[in-house]
Amino acid sequence: MLLADLSDTYGEGKIRTTMSQNIILSGIPDDKLPELLQAPLLQRLSPEAKNFISRTVSCTGNEFCNLALVETKERAVSVAEYLDERLQLEEKLRIHFIGCPNGCGQKHVADIGLQGSLIKTPEGMVDAFDIAIGGTLGTGDQGPAAQFTRPLKGRVKAERVGPVLEQLITYYSQQRSEPENFHSFVERVGIPVIQEQFTAILAAEA
Ligand code: SF4
């Protein structure tokens, strides 16, 4: 409702949604922008959102979907905020959360896709995520280069997703050749090498 009011007041009464789950208020005249940008709502939903939160996507998870194995949306926000507080990365990595294998949150074309699952612990079953990497919709100069994510072996407890991704992305940022995006990095280095790194991260977590 608040966004609709802003669109009515400053724009053309239209709101668009994007594939990265962002919002576009269309038809805002340049001379109204400064005043619009002062709106309290846009201090929270900032057009200059931080890196990870700006590209993180989530399906609805168990709040509204009875197929979901886990909660996704709150976790997606908290993981993105965790990464934004700790990592400086120019590239906007696309991290997608889904609550079950159906893939409504498009895990398969993310840089890092997380699929809800359960893991057995001494205290019983707890929420966890399976991780897959290296997806892209790409259509580079050499023609279409679309690629689905490839799974990594090893399940991560939901509460440890932030720290595990922090280490995985740090590994990428230290090992990448400039300029190399995450997808190209995965293609060059290869899943077996990244799997080795991921296994070491999980072993240190245990
Ligand atoms: S991916 Fe699964 S949990 Fe998420 S909305 Fe789709 S069916 Fe529900």
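The values are calculated or read from the model by the stated rules, or taken from the named source; none is laboratory data. Every value quoted in this text rests on a predicted model; they were computed, and no experiment measured them. Please note: Cβ atoms are built from the backbone with ideal geometry, for glycine as well, and neighbour counts cover all protein chains shown. Calculation scope for accessible area: heavy atoms of the full protein, side chains included, ligands and nucleic acids excluded. Shrake-Rupley method; radii C 1.70, N 1.55, O 1.52, S 1.80 Å.
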Right, VAL70: in contact (Cβ under 8 Å) with a residue 12 or more places away in the chain and under 23 Å from TYR172 (Cβ atoms) or not? no
With respect to ALA110, is the statement that it is crowded, with 24+ Cβ neighbours inside 10 Å and at pLDDT 95 or above true? yes
Across segment 86-105, what is the number of residues that are within 11 Å of the chain's Cα centre (by Cα) and more than 27 Å from GLN174 (Cα to Cα)? 2
Residue count for segment 17-61, restricted to those that are more than 16 Å from the ligand (Cβ to nearest atom) and assigned to a loop (DSSP other than H, G, I, E, B): 16
Residues of segment 64-93 being surrounded by 17 or more Cβ atoms within 10 Å (Cβ to Cβ), in a loop (DSSP other than H, G, I, E, B) and within 16 Å of the ligand (Cβ to nearest atom), which ones? ALA68, LEU69, VAL70, GLU71, THR72
Please go through segment 1-54 and pick out each residue that is surrounded by 15 or more Cβ atoms within 10 Å (Cβ to Cβ) and of a type in the set (Ser, Thr, Tyr). SER7, TYR10, SER54
If you check LYS120 against the conditions, is it open to solvent by 50 Å² or more (accessible area, probe 1.4 Å), in a strand (DSSP E or B) and modelled with pLDDT of 95 or more? no
Determine, yes or no, whether ILE133 is open to solvent by less than 20 Å² (accessible area, probe 1.4 Å), within 17 Å of the chain's Cα centre (by Cα) and touching a residue at least 60 places away in the same chain (Cβ under 8 Å). yes
Given the conditions (1) within 11 Å of the ligand (Cβ to nearest atom); (2) without any contact (Cβ under 8 Å) to a residue 40 or more places away in the chain; (3) assigned to a loop (DSSP other than H, G, I, E, B), and given that GLN115 satisfies all but one, which numbered condition is not satisfied? (3)
Filter segment 76-92 for residues that are farther than 22 Å from GLU180 by Cα and touching a helix residue (DSSP H, G or I) at 6+ places or on another chain (Cβ under 6 Å) and give the result. VAL79, TYR82
All but one of (1) in a strand (DSSP E or B); (2) within 15 Å of the ligand (Cβ to nearest atom); (3) surrounded by 17 or more Cβ atoms within 10 Å (Cβ to Cβ) hold for CYS100; state the number of the condition that does not hold. (1)
